[in-house]
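Structure first, then comments.
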Amino acid sequence: MAKRKHYQLTKEGLENLKKELKERTDVIRKDLQDQLDADMQEGDISENTSYYRVQEEIASNERRIGELQTIIANAVTVNGDPGDTDTVDIGNSVTIKVRDREITYHIVGSTEADPAQNKVSVDSPLGRALIGKKIGENAVVKTPLGSQSYDIIRIG
């Protein structure tokens, strides 16, 4: 029997996925079906590109609904205690110094990662290197260009 994969998520991340699932099942699914019905009312669908586009969107939406259901069903919420700033954990923000720059990242579950918002997955190389570290310690990440060193200067 295959072992089920668990998805580590922050409480906020799990709530966001539940909201997305509700939006996709209650709103987007109905809107797409309405579009499909309207396209079918136009008669000959053999040359109706909108009909085929909507079918693709329906399939894409259904795939995402399935992914969300799987993630939510196998979610393990893990939140770092905001008052516990001794070690880096999921849910914490961590400020690191690399070269002469300071950057603050938020450590999140793998499905919550968003580099544009400095949300780093606990499963990423940087996330794995930071977990369990303390202020003043150094985290090293191996990259294709060599090892990169990060000094931990603040945990929140």
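Nothing in this text is a laboratory measurement; each read-out follows from the coordinates by a stated rule. Predicted, not measured: the structure shown is a model, and the values here were computed from it. A quick note on method: Cβ atoms are made from the backbone with ideal geometry, for glycine too, and the neighbour counts reach across all protein chains shown.
Brief remarks follow.
- FRET efficiency, 1/(1 + (r/R0)^6) with R0 41 Å, evaluated for Glu67 and Lys134 via beta carbons: 0.70
- Among Glu57, Glu67, Glu47, the largest mean-square fluctuation in a Gaussian network model of the chain, built with springs joining Cα atoms closer than 10 Å, belongs to Glu47.
- Only Cα pairs under 8 Å and 6+ residues apart enter the sum, and on that basis the relative contact order of the chain stands at 23 percent.
- Rounded to the nearest 20 debye, the dipole magnitude of region 93-155 is 160 debye, with +1 charges on Lys and Arg beta carbons, -1 on Asp and Glu beta carbons, and the Cα centre as origin.
- Neighbour count of at most 13 Cβ within 10 Å plus DSSP loop: longest trypsin sites (Lys or Arg not before Pro)-free window in the chain: 6-98
- Positive dipole terminus of the chain, leading residue within Gly91, Tyr150, Gly13 (C-beta point charges): Tyr150
- Mean Kyte hydropathy of -1.0 or more with a Cα span along the axis of at least 24 Å, helices from DSSP in the chain: 49-73
- Extension gain for the segment Val141 to Ala116, taken as residue separation times 0.36 nm less the Cα-Cα distance, is 7.0 nm to one decimal.
- Region 34-156, dipole about Cα centre (Lys/Arg Cβ +1, Asp/Glu Cβ -1), debye to the nearest 20: 1160
- Along the axis of the charge dipole computed for the chain (Cβ charges of +1 for Lys and Arg, -1 for Asp and Glu, origin at the Cα centre), the listed residues Tyr105, Asn74, Ser50 are led at the positive end by Tyr105.
- Region 1-67-region 68-135 distance, computed between alpha-carbon centres (Å): 29
- In plain terms, the chain from Arg24 to Lys11 could stretch by 2.7 nm, reckoned as 0.36 nm per residue minus the Cα-Cα distance.
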